[in-house]
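FYI, it's all coordinate maths here, none of it is from the lab. Keep in mind it's a predicted model, so treat the numbers as computed, not measured. As a convention, Cβ positions derive from the backbone with ideal geometry for all residues, glycine included, and neighbour counts pool all protein chains shown.
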């Protein structure tokens, strides 16, 4: 049976998805070389060991974890709201083609505006607080999800809709049993595209406004010329991004195991 | 019949909705219905445009951002394509570098801003630090993909005609890999604009990004929105320009048209 | 196979025909004008009968089927299912589409797909019983937990048939269901379909452009021809049952029917 020991299969999926670890050589070599060459106390290029110390200092002073959790929570919450609203509106647009045609140019116009540019607008309208930060993340993350959902909803195969009619499904049942499952791969793709945008916008807000978060820590460290901490936090952000992406990839693989492999590979 | 189809092709409901929303917005603000301190009417935004342009502020800001975009994008293209070819042609090189690329790719450009500020303070170089890496990835990844994706059949054709290594690269691999490379270049261009604006918001007080933040802090929402709309238009123009260029240079590549 | 799965004796059902078309005409909107696709179609389908409809492409066979299935409205004339006029997709009629891949819910297991038509109307035990029964009828009991995309074309089409059977319909409408299958699969599917009919007493309306298939399967053949499509002729097929792929197809009568249908369809037909 194909689905016995599913956890083993998910693990194999992740392992297979990771390219050969040998590919990390350039990065490792860079760090090692940096470490060895920087013996002096350069304020601009501190060695990686100093980065670690800098981070530990931040952790001990009790500022690292709150910042990390603030950024993570904003990100996750923002994405969740974006998924709910984006999927909902996307389905509406996709299911009612006349609505979609009417709203089309407006959406195209709004889509052309890059999410980071909206941050100062939010700051102006909502001030310097957590609610504003969340709103911006939602606004930034919503577009890929909404657009992907609406296009997938429009593209539900007409035969499936015929089947729905032939079996006399109510409109609610049709949405629930046929359209919604059909758009799941598209929603996941939208989330995957929205993830990096959401991260960028979250950090941007934190850097601009110094609202609690990793970005705020970073800009604070830079203003105090604490270069080891700046580099350390940069690495931390990199690892954070990597973790988020991979966790999502596993989550996506688990969710998409019922779909034909063709759709699965499109999403990778 | 011709006239009919042209008129029929315009999205009347869509345009109507667009215009209607604009008019409704205008009316709401003017009549006091939408009394929000920082929400300007569309007409105010238009006037804001005029103000910026007539004071000679808008043009230099646009120029600055475009220069930043041009430098960042050009470096990314050159690096991306050359590195991409190297990696695309050599499986060994790929094995020893793909993981690093995968690790670096999710790095948000904005996170490099504090580093850039640390090294270069408020300058164009800081913008470059923010822009370069993220803009590199689409071109690099697409070039690698394009080169490795060249169909085996084409190599067979090359061998049949006894093409040497150099000729194979120039006359088979390069043209075959062009469509994804051009798509990657187009994505990178859009990305370069966004990152330049971001960099100007946090790293270098100059250009359109700084304009947005400056007017926000000066509590001039009309000018702020004018800047934002400018960024939007430039993005559309750059994208359209790239599409037109691609079509002019490679008229046979249908994959380049349509789709984002 | 338990007696529960066997349909009630056909003679117990309504005395009239399972299905009837009376002077059905269907027009469809094409660009900005109405085009008449089929015209004045009248025929009966008796209870437990296998009626095949043949015709060249473009004569509106699919349109006729959709009208019979309540998916396309008729411009004039009426469609009656067991004496009752059609008003949208009727209760006792199921359509099996040619494109099985897009007619099944690829994200559901085979069992869940088969249950699709009955899951809202029946209780759990009854659903399980019917699903199991339908899968047994098409020979897919061991694939209940697989996903459609893991199965071959023939098997997917059988899932669609099982889904239709789970509803215990009076009439099954089939739109060139085996056209996309290879010759050997097609042959075994044809026999399976006849076996299903024998066991359940369901009436079949089967559209095909394959004349030999039409003669092999049918109790009667309706030939659709022309544009707009009209019933050219209806043949009674007097071949012995049960049919056999090798021996039946070699009977002189088989060849006569085949020739006659060919003639009825006329020139311009491959």
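A helix-only calculation puts the protein assembly as shown at -20000 deg cm²/dmol for mean residue ellipticity at 222 nm, using -39500 (n - 2.57) for each DSSP H run of at least four residues, averaged over all residues. The C-alpha atoms of segment A:137-202 occupy a region whose extents along the principal axes are 47, 18, 12 Å, arranged from largest to smallest. How large is log10 of I(q)/I(0) for segment C:104-168 at q = 0.27 Å⁻¹ when the intensity is taken from the Debye formula with one equal scatterer per alpha-carbon? Log-scaled intensity ratios, in q order: -1.16. Of the peptides A:65-72, C:207-214, the ranking by mean beta-carbon count within 10 Å, highest at the top, reads C:207-214, A:65-72. Peptides A:113-121, A:93-101 ranked from most to least packed give A:113-121, A:93-101, packing being the mean of other C-beta atoms within 10 angstrom over each peptide's residues. For segment A:55-266, the Kirkwood estimate of hydrodynamic radius, built from reciprocal distances between every pair of different alpha carbons, is 18.9 Å. Which distance in Å, rounded to a whole number, links the C-alpha centroids of segment C:151-181 and segment B:56-113? First find each Cα centre; the distance between them is then 53 Å.
Could you tell me how many degrees, from 0 to 90 and to the nearest 10, lie between the Cα long axis of helix C:153-166 and the main elongation axis, the longest principal axis, of the Cα atoms of chain C? Helix C:153-166 sits at roughly 80 degrees to that axis.
Peptide C:106-114 has a mean of 3 when you count, residue by residue, the C-beta atoms of other protein chains within 10 Å of its C-beta. Seen against the Cα atoms of chain C and their longest principal axis, helix C:124-138 is set at about 60 degrees. Rg and Dmax over the alpha-carbon atoms of segment A:148-268 stand at 21.0, 70 Å. Measuring nothing but alpha carbons in segment B:52-199 and taking Rh as the Kirkwood radius, the Rg to Rh ratio lands at 1.10.
Using the Cβ-Cβ distance between residue C:244 and residue A:154 with R0 set to 35 Å, the FRET efficiency works out to roughly 0.15. Placing pseudo-labels 7 Å out from each Cα toward the beta carbon at residue A:101 and residue A:251 gives an inter-label distance of 3.8 nm.
If R0 is 45 Å, what FRET efficiency do you get for residue A:57 and residue B:38 from their C-beta distance, rounded to 0.05? Efficiency, from the Cβ-Cβ distance: 0.65. Quotient of the Cα radius of gyration of segment C:67-182 and 2.2 N^0.38 Å, N being its number of residues: 1.10. Please state the shape class of the protein assembly as shown: rounded when a/c is under 1.5, otherwise prolate if a/b exceeds b/c and oblate if not, all from the C-alpha gyration tensor. It is prolate, given that a/c is not under 1.5 and a/b is the larger ratio. Out of every Cα-Cα pair that segment C:191-235 contains, those further apart than 17 angstrom amount to 37 percent. Computed as a quarter of the hull surface, the mean projected area of the alpha carbon convex hull for chain B stands at 19.8 nm².
For chain B, the longest principal axis of the C-alpha atoms and the axis of helix B:12-30 are separated by about 40°. Percent of Cα pairs in segment A:14-101 per distance bin of 10 Å, from zero to the largest separation: 13, 18, 23, 23, 13, 9, 1. Using every Cα-Cα pair within segment C:119-241, state what percent have a distance larger than 22 Å. Considering segment C:119-241, 41 percent of its Cα-Cα pairs are separated by more than 22 Å. Relative to its Kirkwood radius, the Cα radius of gyration of chain C gives an Rg/Rh of 0.96. Within segment B:102-145, all pairs of alpha-carbon atoms sorted by distance into 10 Å bins from zero give the percentages 30, 44, 21, 4. Protection proxy ranking for B:45-54, A:185-194, C:215-224, B:196-205, using the average of other Cβ atoms within 10 Å per residue and placing the highest first: B:196-205, C:215-224, A:185-194, B:45-54.
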